[in-house]
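Colleague: My questions will all concern the structure given below.
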Amino acid sequence: MRFSKAYIPTTKESPKDALLPSHIYLSRGGFVTQVASGLYNFLPLGKRVLRKIETIINEEMDRVGALEVDLSFVTPAELWQESGRIEKFGKELLRFRDRKDNLFVLGPTHEEMMVSIVRNRVTSYKQLPINLYQIKTKFRDEARPRFGLMRGREFVMKDGYSFHSSTEDLDREFDAMEASYKRILERLGLDFRIVEADSGAIGGTGSKELMVLAQSGEDTLAVCDTCEYGANVEAARRAPRKSIPEAPSADFARFKTPNIKSIEDLSQFFKVDPYYTLKAVIKRAMYIEGSELVCFFIRGCDELQEVKARNSVGAIDLVDASEAELVEIGLVPGFVGPLDQDKIRLVMDNDTKNATTMICGANESDYHFVGVDLSVMNEAVFADLVEVQEGDGCPHCDGKLTHTKGIEVGHIFKLGTTYSAPLKAEYLDENGRSTPFIMGTYGMGVSRLVAAVIEQHHDDKGCIWTHATAPYMVDVMISNIKEEAHVAYAETLYESLGKAGIETILDDRKERFGFKMSDAELIGFPYTVIIGKEMENNQVQIMIRKTREILTVNADEVLSKLKELIG
RNA sequence: CGGGGCGUAGCUCAGUAUGGUUAGAGUACUUGGUUUGGGACCAAGGGGCCGGAGGUUCGAGUCCUCUCGCCCCGACCA
């Protein structure tokens, strides 16, 4: 491609609304333009990058035997009523009626559609397993789109669905898909982590997220500094504590603690480590129908993880409870404890099981119990409720956990029969019994990956595309278009690069050196061949975008040098 | 959906507190010339329903009311 014939509208100034590097450089570099909130146009360069990523996904899916399909973007609302998700998705589903007044939605994900195309067609266990996927535009009318391509309303997603006749076979496929996704991200040149994720309200037995590590990521991850373990903090576990503070010695007693309500005050008052105090966190748990107050007990040194807490009671949401709400049901704010507690539903953190010499509220103003042996609570409900902190031990090895930020670019999920059962998608097993499919689902955010590459690979000059994602591998830049010998040499080089199968753009614009260099750096071609002053010595220069290092090479060795660099 | 901010040239923004010639700058664009290793210089041009509607006024980019759009924080996000 000749730059002079291309449509690459670069700009010196960034759009005022852009905050993230990916948003700024993808706009300035002429990859995308914004249309409306959460809607973007892909210009020629952006489209090339998108297609590169899609091609890699297609190749890897093909390798593991997944079959590409293409489902209708517009889906009948009936399917969503059948699965019960039309209410759950709420306003995120863009709904509209056709001329015959039938209700449709724009697909935000395609579980229903995918189930419907195998339903009554795949009818025997002999036809299983089957793994179908597509790469397609999705639409979710997000309440707050943001960060450019990172969270758009319209976006490109690869979504795959597998159907099985046993959970063992689903497990096998799930592992295969994890490996496949890993290869895709490796090929794209991304630094990522596969982490355990919250499987949430949808149920299922396993869920993993693929996280591209970047400061601007919206998710917080706990990762081990020694082994491969990583998890979204919503689901992260930790090893049992190794260094346990010295236990206070006290017999069970009711103790006057005037106006001592916080964990901090309490531990100072008794001169005891917060580890031996019991923290009560009271939330209002919201269900599909109704709500109730729930008290979560954790050690004073820990913090409540809301997603874990929510899952422990099967709630849709947890909201903070006001002191007035506590008083109303007869609790004493600041002095709530688990002993003889019948006014509120309790959930105890696993780490409080059989804890001894604890201090907890006495359910009476200005009194705490000391020397409490929590083994009396063994009949209570226990769950993992705490958020892991940096420095906590890894659950798999002796390493320590640290926190890092990630961009969720993929999510794989063991669905089981969550959709196949309500949608009555069934096959006949070996015994002739009608059985719902056991399903897995595998998503990957393709347009989000475009942004993720730049979030991870940029500098203050612009984009730094990886080899697999670059819109063009090489930019052949003619420093001064009036030097006929230079132009002639550039044309020859451009042609031979093309013959060698290296995607090249020839910057033949009538612009000055600095202008063209800035564009090359902003757009981020991996290699720019500068044809200019060094031609006096029959030499040209190669600028390596990643390091901005400039190599001087003999004019007749450029091709072989580039081949060597590209590898 | 709650809170805040912003809509003026393709883009980035002045101008709006206190209404008053023909609405500005930089950049981008067109033409001519000079330049040619880090977004050049000179000259001449084209480009605006001042987001939209209604009002107040002799007169509105500026004041009032209503709307629409965009951004940020939060809630939400299989």
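Colleague: Give me the angle, in degrees from 0 to 90, between the Cα long axis of helix A:446-456 and the longest principal axis of the Cα atoms of chain A, rounded to the nearest 10.
Modeller: The helix A:446-456 is inclined about 90 degrees to chain A.
Colleague: Which of the three applies to chain A, rounded, prolate or oblate, going by the alpha-carbon gyration tensor with a ≥ b ≥ c and a/c under 1.5 meaning rounded?
Modeller: prolate
Colleague: Among the DSSP beta bridges whose two residues both lie in chain A, what percent are antiparallel, rounded to the nearest 5?
Modeller: 80
Colleague: Which cysteines does chain A leave without a neighbouring Cys Cβ under 4.7 Å?
Modeller: That list is A:Cys295, A:Cys301, A:Cys360, A:Cys463.
Colleague: Helix-derived [θ] at 222 nm for chain A: sum -39500 (n - 2.57) over DSSP H runs of at least 4, divide by residue count, nearest 500? Numbers along the way, then the final one.
Modeller: Details: 13 runs with 139 residues, N = 567.
Here the helix-only value at 222 nm equals -7500 deg cm²/dmol.
Colleague: OK, next. Counting only other residues whose beta carbon sits under 10 Å from that of A:Val529, what net charge do I get with K and R as +1, D and E as -1?
Modeller: Numbers: positive: A:Lys561; negative: A:Asp475, A:Asp507.
Charge balance near A:Val529 sits at -1.
Colleague: Neighbour counts of other C-beta atoms within 10 Å: give me A:Met114, A:Met517 arranged from fewest to most.
Modeller: Ranking A:Met114, A:Met517 by Cβ neighbours within 10 Å, fewest first, gives A:Met517, A:Met114.
Colleague: Now for a different question. State, to one decimal in nm, how far the label point of A:Ser322 lies from the label point of A:Val69, with both points 7 Å from Cα in the Cβ direction.
Modeller: Output for this residue pair reads 5.1 nm.
Colleague: Additional query: Nearest 10 degrees is fine. How inclined is helix A:167-188 to the longest principal axis of chain A, computing both from alpha carbons?
Modeller: 40
Colleague: Apply the a/c threshold of 1.5 to the C-alpha gyration tensor of region A:380-453 and tell me whether it is rounded, prolate or oblate.
Modeller: Oblate, since a/c reaches 1.5 and b/c is not below a/b.
Colleague: Please rank A:Cys224, A:Cys463, fewest neighbouring Cβ atoms within 10 Å first, as an exposure proxy.
Modeller: Ranking A:Cys224, A:Cys463 by Cβ neighbours within 10 Å, fewest first, gives A:Cys224, A:Cys463.
Colleague: How much net charge surrounds A:Thr277 when only other residues with a Cβ under 14 Å from its Cβ are counted (Lys, Arg +1; Asp, Glu -1)?
Modeller: Within the 14 Å Cβ shell, the charges total -3.
Colleague: What's the exposure ranking of A:Val453, A:Val370, A:Val35, going from fewest to most Cβ atoms within 10 Å?
Modeller: Numbers: A:Val453 29, A:Val370 21, A:Val35 10.
So the residues, fewest neighbours to most, are A:Val35, A:Val370, A:Val453.
Colleague: To continue, here is another question. Below 8 Å between Cα atoms, with a sequence gap of 6+, how large is the relative contact order for chain A in percent?
Modeller: Numbers: 1188 pairs, mean separation 96.2, N = 567.
Across chain A, relative contact order equals 17 percent.
Colleague: Among residues other than A:Glu484 whose Cβ falls under 14 Å from its Cβ, what is the net charge (Lys/Arg +1, Asp/Glu -1)?
Modeller: Values: positive: A:Lys482, A:Lys510; negative: A:Glu483, A:Glu491, A:Asp508.
Charge balance in the 14 Å sphere: -1.
Colleague: Moving to a separate point now. Which value, in debye to the nearest 20, gives the size of the charge dipole of chain A about its Cα centre, when Lys and Arg are +1 and Asp and Glu are -1 at the Cβ?
Modeller: Here the size comes out at about 1620 debye.
Colleague: Using the basic label-point model (7 angstrom from Cα toward the beta carbon), what is the A:His396 to A:Lys88 distance in nanometres?
Modeller: 2.9
Colleague: Of all DSSP beta bridges in region A:474-566, what percent run antiparallel (nearest 5)?
Modeller: If we restrict to bridges inside region A:474-566, about 55 percent are antiparallel.
Every number in this text was worked out from the coordinates using simple rules, so none of it is lab data. In this text, all values refer to a predicted model and were calculated from it rather than measured experimentally. Because the Cβ atoms are built from the backbone with ideal geometry, glycine has one as well, and the counts that use them run over all protein chains shown.
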